[in-house]
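Peer 1: A single structure is presented below for examination.
The values are calculated or read from the model by the stated rules, or taken from the named source; none is laboratory data. Just so it is clear, the model here is predicted, and its values are computed rather than measured. Note that we place each Cβ from the backbone using ideal geometry, even for glycine, and neighbour counts take in every protein chain shown.
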Amino acid sequence: MSRIAIIPGDGIGMDVTQEAVKVLGCVQEEYGIALDLVEWNLGAQRYIDTGITITAEEMAELGSDYNAIFLGAMGDARVPDNAHARDILLGMRFQLDLFINLRPIRLFESRMSPLRDVRPEDVDMVIFRENTEGVYVGMGGTFKKGTADEIAIEEDVNTRKGVERIIRAAFEHARVNGRLRVTLSDKANAMPHAGGLYRRVFAEVGAEFADVERNAVYADALALDLVLHPARYDVIVAPNLFGDILSDLAAALVGGLGLAPSASLHPGRVGLFEPVHGSAPDLVGTNRANPLAAIMTAALMLRHLGHATVADAIEKSVQRAVRGGHTTPDLGGELGTAAVGDWVCRDLREAGE
C-alpha cells in the first residue's frame, strides 16, 4: 500500500485537490490499488491561527513515513509575504533534497494550443528543471536598501554534484522512455562559469548515452524555437531559473497551467506532486476552478508509485474530457469544478467496463 500525504493548500487548491482525491478514490475501486490517503492541515489558515508554518518534526515525518505528497496550490492574501508557502513548498524541495522538478508537456487537442497548425504529436516533451540550486538558493543581499544607491545581489550557486545528477536523470529518463533527444538549455554565452559547468558535464554524461541524441541551446533561443518548432524537443534539461521560465512557456503551448502537472523528485525518496497553477483567490467559491491539472498530477504520482496502467487510464480520460469539451470555462467548456471531477470518474468507470 502507498501512503500519500494530502495537503490541500489554499484558495482553489482545496477545490481542485478534492477532485484529484475523488479520482484517486475512483481508481482504487476500479483497479483495486491500495492507497492510504492522509490529509494534513498545512496552509494559510493554520498559519494565521497558530503562527506555525511547518515544524521540523512534520517535515521529517513527511520525508520518512510517506511514499508521496500531493500538494495543492498555496498562497493567501492574508499572508502577504507568503511565509507559509515558502516554508512548506520550498522547505520540502530543499530539505527533502527533491532535486528534479519534472514537468511533462503534452498537447491533447490542437484547439487548446495558441499555435497555428500544430498537432498533438508535435508537442510532447518532458522538462527536467534543477530544483535545489541556481539563483533560488536565497544567497545574496541588499546594501543601502531604499536609497538611490541601493544594491541588490542574487547569487547563482551550481555544484558539480547538482549539475551532474539533474543531467544524468534527464538522460536516464530519455533512455528508459524511448525518447530520442536531450536538449540542454542555459546561457553559457552570458554566464560562462555556470554555463560552462553545465556544458562540460552535459558532454561528459551524454557520452555515456550514445543511443540518445543531444544538443545545447541558449535559453532565449529555445524560448523562441519552442513556439516556432515545438516538435524538435523531447527532453529538456535546464538550471533552476531557466527551467522555471521555459516550463511555463511550454505549458502555454498545450492550453495553459490548467493542464500542467508537476513533480519534485529524488529517486528512492518521497516525491512531491503539485499542479503548478496558483491559488487564484478570485475563483474561490465560484465553482469555475479547473481541476484537470490536479487530476493529471494525481496520474503522474500514480505512475511514479508504479501504477502506470492506472496513470495511463486517467490521462486518457482527461484527454477525452478536453477533446469532448467536458471542462471548465477556461478550456471552453461549461462544467463546474466538481462536475469535471465527476465526469472523469464516470468516464474511468465506463472505460473499465
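Here's the yes/no breakdown for (1) more than 13 Å from the chain's Cα centre (by Cα); (2) assigned by TED's automatic domain parsing to the domain that holds Val21; (3) at pLDDT 95 or above:
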position: Ala216; (1), (2), (3): yes, no, yes
position: Ala238; (1), (2), (3): yes, no, yes
position: His266; (1), (2), (3): yes, yes, yes
position: Val270; (1), (2), (3): yes, yes, yes
position: Thr286; (1), (2), (3): yes, yes, no
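Peer 1: Here is a follow-up. Within the range 5-15, is even one residue within 22 Å of the chain's Cα centre (by Cα) and within 16 Å of Leu300 (Cα to Cα)?
Peer 2: Looking only at the range 5-15, we keep the residues that are within 22 Å of the chain's Cα centre (by Cα), and these are 5-15.
Within this subset, residues satisfying the condition of being within 16 Å of Leu300 (Cα to Cα) are 5-6.
Within the range 5-15, one or more residues are within 22 Å of the chain's Cα centre (by Cα) and within 16 Å of Leu300 (Cα to Cα).
Peer 1: Output the residues belonging to the range 337-350 that are over 23 Å from Ala251 (Cβ atoms) and surrounded by 13 or more Cβ atoms within 10 Å (Cβ to Cβ). Step through it out loud before you land on a result.
Peer 2: Narrowing the range 337-350 to residues over 23 Å from Ala251 (Cβ atoms): 338-339, 342, 345-350.
Hits for the range 337-350 are Ala338, Ala339, Asp342, Cys345, Arg346, Asp347, Leu348, Arg349.
Peer 1: Just one of Asp312, Asp248, Asp282 is assigned by TED's automatic domain parsing to the domain that holds Ile166 and either buried (at least 24 other Cβ atoms within 10 Å of the Cβ) or not small (Gly, Ala, Ser) (or both); which is it?
Peer 2: Working: Asp312 fails: assigned by TED's automatic domain parsing to the domain that holds Ile166; Asp282 fails: assigned by TED's automatic domain parsing to the domain that holds Ile166.
Testing whether each residue is assigned by TED's automatic domain parsing to the domain that holds Ile166 and either buried (at least 24 other Cβ atoms within 10 Å of the Cβ) or not small (Gly, Ala, Ser) (or both) leaves just Asp248.
Listed here are the residues, each with its yes/no results for (1) within 25 Å of Leu292 (Cα to Cα); (2) charged (D, E, K, R); (3) outside the structural domain of Ile295 (by TED's automatic domain parsing); (4) at pLDDT 95 or above.
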{"position": "Gly72", "(1), (2), (3), (4)": "yes, no, no, yes"}
{"position": "Asp76", "(1), (2), (3), (4)": "yes, yes, no, no"}
{"position": "Asp81", "(1), (2), (3), (4)": "no, yes, no, no"}
{"position": "Asp97", "(1), (2), (3), (4)": "no, yes, no, yes"}
{"position": "Ile100", "(1), (2), (3), (4)": "yes, no, no, yes"}
{"position": "Arg103", "(1), (2), (3), (4)": "yes, yes, no, yes"}
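Peer 1: Moving to a separate point now. I need the full set of residues from the range 316-336 which are assigned to a helix (DSSP H, G or I), touching a residue at least 40 places away in the same chain (Cβ under 8 Å) and surrounded by 15 or more Cβ atoms within 10 Å (Cβ to Cβ), in order please. Can you show your working first?
Peer 2: Applying the first criterion (assigned to a helix (DSSP H, G or I)) to the range 316-336 yields 316-324, 329-331.
Next, only the ones that are touching a residue at least 40 places away in the same chain (Cβ under 8 Å) stay: 318-319, 322-323, 329-331.
Selection gives Val318, Gln319, Val322, Arg323, Asp330, Leu331.
Peer 1: So, in the range 97-132, how many residues would count as being assigned to a loop (DSSP other than H, G, I, E, B) and in contact (Cβ under 8 Å) with a residue 24 or more places away in the chain? Step through it out loud before you land on a result.
Peer 2: Just the residues of the range 97-132 that are assigned to a loop (DSSP other than H, G, I, E, B), to begin with: 97-99, 107-109, 113-119, 123, 131-132.
Subsequent filtering for residues that are in contact (Cβ under 8 Å) with a residue 24 or more places away in the chain retains 97-99, 107-109, 113-115, 118, 123, 131-132.
Counting residues in the range 97-132 that are assigned to a loop (DSSP other than H, G, I, E, B) and in contact (Cβ under 8 Å) with a residue 24 or more places away in the chain gives 13.
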